[in-house]
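Nothing in this text is a laboratory measurement; each read-out follows from the coordinates by a stated rule. Fair warning: this is a prediction, and the values are worked out from it, not measured in the lab. Every residue, glycine as well, gets a Cβ built from its backbone with ideal geometry; the counts of neighbours run over all protein chains shown.
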Amino acid sequence: MTTAFITHDDCGLHNMGPEHPESPVRLLAIKKVLEKTGLMQELEQLESVHILPEQIQLAHAHLHQKRLEMKLPEHGVVYTDEDTALCPHSLHAASLAAGSAVMAVNRVIAGKSQNAFCAVRPPGHHAEHNIPMGFCFYNNVAIAAIHALQQPGIERVAIFDFDVHHGNGTVDIFKDRPEVLVCSTFQHPFYPERYSDIQRDNIINCPMEAHSDGMVFRSLVEGKWLPAIQAHKPDMILISAGFDAHHEDPMADIKLNEEDYRWVTQMLMDSARTYSENRLVSVLEGGYNPVSLAFSVQAHLEVLAGH
């Protein structure tokens, strides 16, 4: 078995304008680096499928999708908040992004793929149960986690989020679902400033001060995430893989590098081997310097593929 690389060209149709950091260039940069290094040829390349409406409702309010559809413009962009805009193709792309995560879960549980990475956009981890925000419309990883829990043999899931922004949407959706462990490192105080101080046994928030480096990050992961994994013993691991904590990323002030992403990926791979029968799915979140994003994804995928 190989690592599945799931994406779709139509994820590039979601376009919030030429100055917006969450740009179609992000996925193009990833593909270019993976092809140039030869890593792409080692991966199982698969095309995304659309999410079903009832699968969106696994993590979101019944009318969440309908409200977004009502705002969808025929041309131009319409903002749902000051950072997040819909263009005519946005929900088409969002459906493929969420569908990729469900597809990845199905393949890994069925033993068709060793593990999977979803190179998709728009991202998802800021989308709350009833609110799109922070460039996100559907919470891809949350939908995938609940879908996984519906499969035989999957009773506990763990989500690990190393994006520089707190995964408030994922926390909102799972704050009262103890079968899902949510561990998150993030710059604080910083956007979105929601749910970062929530107190729940299954929510492990690990705030980092601006300018924190890889030593701080690794210390938090070892000190907070590892004991939580050992206590939870997940049947499946999901990753909200944001690479905007890289020191070259323009969006924040954390100082990680490719080796930090390689290290945390290996730690999560080891945990999946110990507790989850190697079942692991990673879904792209942030990362807004196309060059550092692409090389960080390369490091992440090299570990997933067993390099």
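At-a-glance table
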read-out: Two-site label geometry, Y79 and V49: point separation in nm, points 7 Å out along Cα→Cβ; value: 3.8 nm
read-out: Along principal axes, Cα extents of segment 3-304, largest first, whole Å; value: 49, 40, 38
read-out: The chain: DSSP helices with Cα axial extent of at least 15 Å and average Kyte-Doolittle hydropathy no lower than -0.5; value: 25-37, 90-109, 290-304
read-out: Electrostatic dipole magnitude of the chain [Cβ: Lys, Arg +1; Asp, Glu -1; Cα centre; debye, to 20]; value: 680 debye
read-out: GluC sites (Glu not before Pro) restricted to segment 1-79 and DSSP loop, no more than 10 other C-beta within 10 Å; value: E19, E74
read-out: Backbone HN-Hα couplings from phi across segment 245-257 [Karplus 6.51/-1.76/1.60, Hz, Gly and Pro as x]; value: 8, 5, 5, 9, 6, x, 8, 7, 9, 9, 10, 7, 9
read-out: Fully extended contour minus Cα-Cα distance, from T37 to L63, at 0.36 nm per residue; value: 5.0 nm
read-out: Backbone HN-Hα couplings from phi across segment 187-196 [Karplus 6.51/-1.76/1.60, Hz, Gly and Pro as x]; value: 6, 8, x, 5, 3, x, 6, 9, 6, 6
read-out: Residue of A144, A98, A228 that the Gaussian network model of the chain assigns the largest fluctuation, springs spanning Cα pairs under 10 Å; value: A228
read-out: Members of K36/K255; K36/K112; K112/K233; K32/K66; K71/K175 lying beyond 31 Å, as alpha-carbon distances in this model show; value: K32/K66
